[in-house]
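Novice: Mind looking over this structure? Questions follow.
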Amino acid sequence: MNSEVSEKKTIGILYDRIRWEEKEISRRLEERGASVQMIDGKLQVLSLDTPEEAVPAVVLERCVSFYRGLNIASVLEAQGVRMVNSAKVLDICGNKLATSLLLSRHNVPSPKTVVAFSAESALQAIESMGYPCVMKPIVGSWGRQVVPVRDRETAEALIELREQQGDSIQSIFYVQEMINRPPRDIRCITVGENIVASVYRYAPADTWKTNVALGGHTEACPLTRELEDTVLKASRTIGLGVLGVDVMEKQDGQLLVHEVNGTVEFKGAQAATTNSIADKIAQYAISADKEGLAAEPSVREIEAEA
């Protein structure tokens, strides 16, 4: 048994699809002497009145479905389970608008963003940003529905398409400036106060999206002082935990945080780093209890630092 574990702990892994990441985290937890309890989110029936005694004291939230993971985490957390990440962090990261608001409020450099709340005002929002720009859904991952808008004709077509979907969330039009950057971005993975991986993500030849799920590839990225400071400030602003902080480089070298992921995939990042990301997550979870993890900073503490 690993000497860092004085008594055998059970760590839960909440999932709805078992991917490479969940298998690797489970393996590393067991190597560190912990027991692992896999919790299938699709099968959960949770009472709001009676705590679930069978659920471990610490649970890693790893659901692919944002809403499923968030709501299960909210219930378990209310019953005293230490969730990694917390429901608050998951909620912020799962909503691009909420993330952008926090980053902007606390002076974390990020792309210029405007938001509109109807098809009628969407075109005004896009043209206030100027062409080209990028339209994104406020909830979504893997680059889905992230679309470059290069002219008015494209803007009108996208607005019409969103309107026809009949989904109220599609009536929130989140628009960002398009950054003139190299054909890559930077993914840093933070575990608590530490950056455990820093990689470039390169877009495939036929697209500008760098998501590994869409065919992008990774290479090691030097962790400069500026990058470290920017990423850790973003992580603290969101609330700490296990996070994927995505950064773009402007042509003048300025770094902009454009997304923070609350249930980060890291198979691609692992291919470009020698550190075991899963082991760092396992170590963090094992050390966690109700007092064991670093407390989330208060708004006052963040503002004082800014």
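Novice: Could you give each residue of region 36-48 its phi-based ³J(HN,Hα) in whole Hz, using Karplus coefficients 6.51, -1.76, 1.60 with θ = phi - 60°, and x for Gly or Pro?
Specialist: My calculation for region 36-48 gives 10, 10, 7, 10, 7, x, 5, 9, 6, 10, 10, 7, 7 Hz in order.
Novice: Let me check the size of the chain from its C-alpha atoms; what are the radius of gyration and Dmax in Å?
Specialist: Final numbers for Rg and Dmax: 19.8, 64 Å.
Novice: How would Phe266, Phe66 line up from fewest to most surrounding beta-carbon atoms within 10 angstrom? If you can, show how the numbers build up before the last one.
Specialist: Details: Phe266 26, Phe66 18.
In order of increasing Cβ crowding within 10 Å: Phe66, Phe266.
Novice: Once you treat every alpha carbon in region 1-80 as an equal point and sum by Debye, what is log10 I(q)/I(0) at q = 0.11, 0.14, 0.21 Å⁻¹?
Specialist: With one equal scatterer per Cα and no solvent, log10 I(q)/I(0) is -0.30, -0.48, -0.96.
Novice: Okay, moving on. Skipping prolines and chain starts, which residues have an amide H placed within reach, meaning under 5 Å, of the one on Val58, given they are 5 or more residues away or on another chain?
Specialist: Gly12, Arg82
Novice: Right, next: Using DSSP, restrict attention to beta bridges with both residues in the chain and report what percent are antiparallel, rounded to the nearest 5. Mind dumping the intermediate values first?
Specialist: On the way: 35 of 48 bridges.
Restricted to the chain, the bridges split so that about 75 percent are antiparallel.
Novice: List the GluC sites (Glu not before Pro) within region 9-106 that DSSP assigns to loop and that have no more than 16 neighbouring Cβ atoms inside 10 Å. Mind showing how you got there, number by number?
Specialist: On the way: sites: Glu21, Glu22, Glu24, Glu30, Glu31, Glu52, Glu53, Glu61, Glu77; in loops: Glu52, Glu53.
Answer by residue number: Glu52, Glu53.
Novice: Another question, then. Just to check I understand the Karplus step: with θ = phi - 60° and J = 6.51 cos²θ - 1.76 cosθ + 1.60, what whole-Hz values come out for region 238-252, glycine and proline as x?
Specialist: In residue order, the calculated couplings are 6, x, 6, x, 9, 10, x, 9, 9, 10, 10, 9, 6, 4, 7 Hz.
Novice: Whole-Hz Karplus ³J(HN,Hα) for region 91-98, in order, using 6.51 cos²θ - 1.76 cosθ + 1.60 and θ = phi - 60°, x for Gly and Pro?
Specialist: 4, 5, 5, x, 10, 4, 5, 4
Novice: Along the charge dipole of the chain, which of Gly140, Val59, Ile281 sits closest to the positive end, that is, farthest toward it, with unit charges on the beta carbon of Lys, Arg, Asp and Glu (+1, +1, -1, -1)?
Specialist: The residue sitting most towards the positive pole is Ile281.
Novice: Taking DSSP loops as anything outside H, G, I, E and B, show the longest stretch in the chain free of trypsin sites (Lys or Arg not before Pro) there with at most 11 other beta carbons within 10 Å. Don't skip to the answer; put the middle values down first.
Specialist: On the way: sites that count: Lys8, Lys290.
By the stated rule (loop sites, at most 11 other Cβ atoms within 10 Å), 9-289.
Novice: While we're looking at this one, here's another question. Check which residues have an amide H placed less than 5 Å from His217's amide H, if you skip close sequence neighbours.
Specialist: Placed amide hydrogens put Tyr202 under 5 Å from His217.
Novice: Using r as the Cβ-Cβ distance of Asp252 and Tyr67, and R0 as 51 Å, what FRET efficiency do you calculate, to the nearest 0.05? Present the calculation step by step, with values, prior to reporting the outcome.
Specialist: Working: r = 39 Å, r/R0 = 0.76.
So the FRET efficiency works out to roughly 0.85.
Novice: For a quick check: with amide H placed at 1.01 Å from N, whose amide H comes under 5 Å from Val149's, ignoring anything fewer than 5 positions away on the same chain?
Specialist: Those qualifying (amide H under 5 Å, at least 5 residues apart or on another chain) are Cys133, Val134, Met135.
Novice: For Leu97 paired with Trp20, estimate the spin-label separation in nm (one decimal), with each label point 7 Å from Cα along the Cα-to-Cβ line.
Specialist: It is 3.5 nm.
Read-outs: derived from the displayed coordinates by stated rules, not from any lab. The structure displayed is predicted, hence computed values, not measured ones. Don't worry about glycine lacking a Cβ; one is built from the backbone with ideal geometry, like all the others, and counts go over all protein chains shown.
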